[in-house]
1. List the number of the failed condition for Phe70; all other conditions in (1) closer than 30 Å to Glu434 by Cβ; (2) among the hydrophobic types (A, V, I, L, M, F, W, C); (3) open to solvent by 70 Å² or more (accessible area, probe 1.4 Å) hold.
2. Does Asn478 qualify as being in contact (Cβ under 8 Å) with a residue 40 or more places away in the chain, in a helix (DSSP H, G or I) and not hydrophobic (A, V, I, L, M, F, W, C)?
3. Scan segment 469-483 residue by residue and report those that are among the hydrophobic types (A, V, I, L, M, F, W, C) and within 23 Å of Val515 (Cβ to Cβ).
4. Among the residues of segment 53-68, write down those that are more than 18 Å from Met183 (Cα to Cα) and in a helix (DSSP H, G or I).
5. When you look at Gln329, is it touching a His at 6+ places or on another chain (Cβ under 6 Å) and surrounded by fewer than 23 Cβ atoms within 10 Å (Cβ to Cβ), yes or no?
6. Taking the residues in segment 357-375 that are in contact (Cβ under 8 Å) with a residue 12 or more places away in the chain and over 21 Å from the mean Cα position of the chain (by Cα) as candidates, determine which candidate is farthest from Tyr392 (Cα to Cα).
7. Quick check: is even one residue across segment 73-87 at pLDDT 85 or above, open to solvent by less than 10 Å² (accessible area, probe 1.4 Å) and more than 20 Å from Ile127 (Cβ to Cβ)?
8. Please verify whether segment 256-274 includes one or more residues that are at pLDDT 95 or above, of a type outside the set (D, E, K, R) and open to solvent by 40 Å² or more (accessible area, probe 1.4 Å).
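The values are calculated or read from the model by the stated rules, or taken from the named source; none is laboratory data. In this text the structure is predicted, and so the values were computed from the model without any measurement. Here Cβ is always computed from backbone atoms with ideal geometry, including for glycine, and neighbour counts include all displayed protein chains. To get the accessible areas, we keep the full protein, side chains included, count just its heavy atoms, and leave off ligands, DNA and RNA. Shrake-Rupley method; radii C 1.70, N 1.55, O 1.52, S 1.80 Å.
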Amino acid sequence: MRYFYKENFLSHNIIFTISFSTLLIGFDFIVNYFFTNYYIISSKFTLQEIIITLVISFWISYLNSGFKKFIKFIFLAFILIEINYFIFFRGYLQPYQLGLLFSEFSDIFDSLKSIIIQTSIVLSVFIVVYFVIIKNLIKNLYPRKSYFADISFVVFLILLIVVANTKPNKMKISPLNFSYINMIYTVSLSTQNIFKSNNTNKFNDYNITKLDNKTQNIIVIMGESLSYTKMDLFGYDSNNTNLLDKFKTNKNFLYSKAISCGVNTPVSIATFFNLKREPTNTKVILSNKTNLLKLARDNKYDVYWLSMQEEGMSISSVLQYANHIKTRQDFPAKAFDEDLIGELKNIDFTKNNFIVLHLRADHSPYEEYIPSRFRSKTYDKSNYHQYKLKSYIDSVKYVDFVVSNIFKFMDKTNQPFKVYFTSDHAEMFGSKKEQGRYGHSVLDIEAARVPFLYYSSKPVDINITKTNHYKIGKLILNDLGYDLKNPNQKKDIFYLNGVKLDGSAGFLEYNLSKVIP
């Protein structure tokens, strides 16, 4: 009887096909119960993709044991990644974002804490279903195997890459697709970056000249994930910038809407502090010719990089020229952004100082990086939008406290100074303009709407109503005692870079006067 069971191969292939297909598409319908826009059921496309899933599963059933286990693991991992990505961002993982899963893993892990309940539920259901179907139904099957199936499946995977690089429009990531198909498309399309080569030689060199004057003390405060669209200072009704509001009538204070140079921290920081205007102009980064920290050091400034962030590789290339470096791991575990003010007390402001303060507040989960006195008593995590928005507003209140106190501290030094404040990128909260998406790392102007604040020991002598990171960087450069001539610049044309520093993950060209109302 046992012998007959083993020899009945074809029926086992069919059972595997039905079981594995159910596993591949079942989670989409389960998640769709909680998020109705996760998978859109269409009579035409759904039937088509069910048939495709059955064919692929039947094909996988013929793979040899080792290869089959690998493919099963990859497909199931695809589903889990796509679902969790959607829970947080309310969108689908794009090819240019795939690298972030590895390059910014610690930040992503931090962000996932804000959806720990949803993630735990998804993971628990996933594990239960996995053991029911894989361990009980599939484990004891003896399907027919074929080395031809192995070879043909490898050829199939290679063809996916070929199509992604020759006819990428054939692979559209869409809510009409099952999640594992979207992820297959995402991974296939991400290979385009491997075969692309950016021609950086087409750009003319930037020209730096020295000026006669420089400002004695320059402080650059770089915020994290702060959007001007969620600040009372810029018209948002939330009373979250009460302290900064008091500076409005101060003749030494200026504030303006701005556009960041990138949509994630590593790209934005490296681009901003190197005054890199053209996304694919990587020789600006490699040469360090326009590195603000290097230029400050060359012009006899004491250079500080004080940060509540963990610094990644691209940021490390910027801060290497600082005389004094202190990052997140150098502070106590319970330290917050206000501890950076304490660091200022150790600086001699009678000398020339260039100081970068990199904040952590406004990073998701927002409530984790602010003291308890700024947190609301409760956050209703069952209402995702309200939870995200409420905790974010609390974190903006904390940034309001920190930045206004830095202004006040600098006043007490009785030394010449200029303080610049902006954010690395903005944050989205599911509005219609933001196409229902949350977070950042999406190539969209809505993920780049950042504030610009300027405070000086002297009355403001610049007139700015709208600006961007490139223009802000040039102002700082002038205060350091330099001038920049960029022969590549076209009037009023600027760029928003994607999630890759070399521009290979895409970028947007924009006219500043048109993107800021």
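1. Here Phe70 meets the rest and fails (1).
2. yes
3. Taking segment 469-483 first, the residues among the hydrophobic types (A, V, I, L, M, F, W, C) are 472, 475-477, 480.
Passing the criteria: Ile472, Leu475, Ile476.
4. Let us first name the residues in segment 53-68 that are more than 18 Å from Met183 (Cα to Cα), namely 58-59, 61-68.
Selection gives Phe58, Trp59, Ser61, Ser65, Gly66, Phe67, Lys68.
5. So Gln329 fails the test.
6. The first filter runs over segment 357-375 and keeps only residues in contact (Cβ under 8 Å) with a residue 12 or more places away in the chain, leaving 357-371, 374-375.
If we keep only those that are over 21 Å from the mean Cα position of the chain (by Cα) as well, we get 371, 374-375.
Numbers: Pro371: 13, Phe374: 11, Arg375: 10 Å.
Selected residue: Pro371.
7. no
8. No: zero hits.
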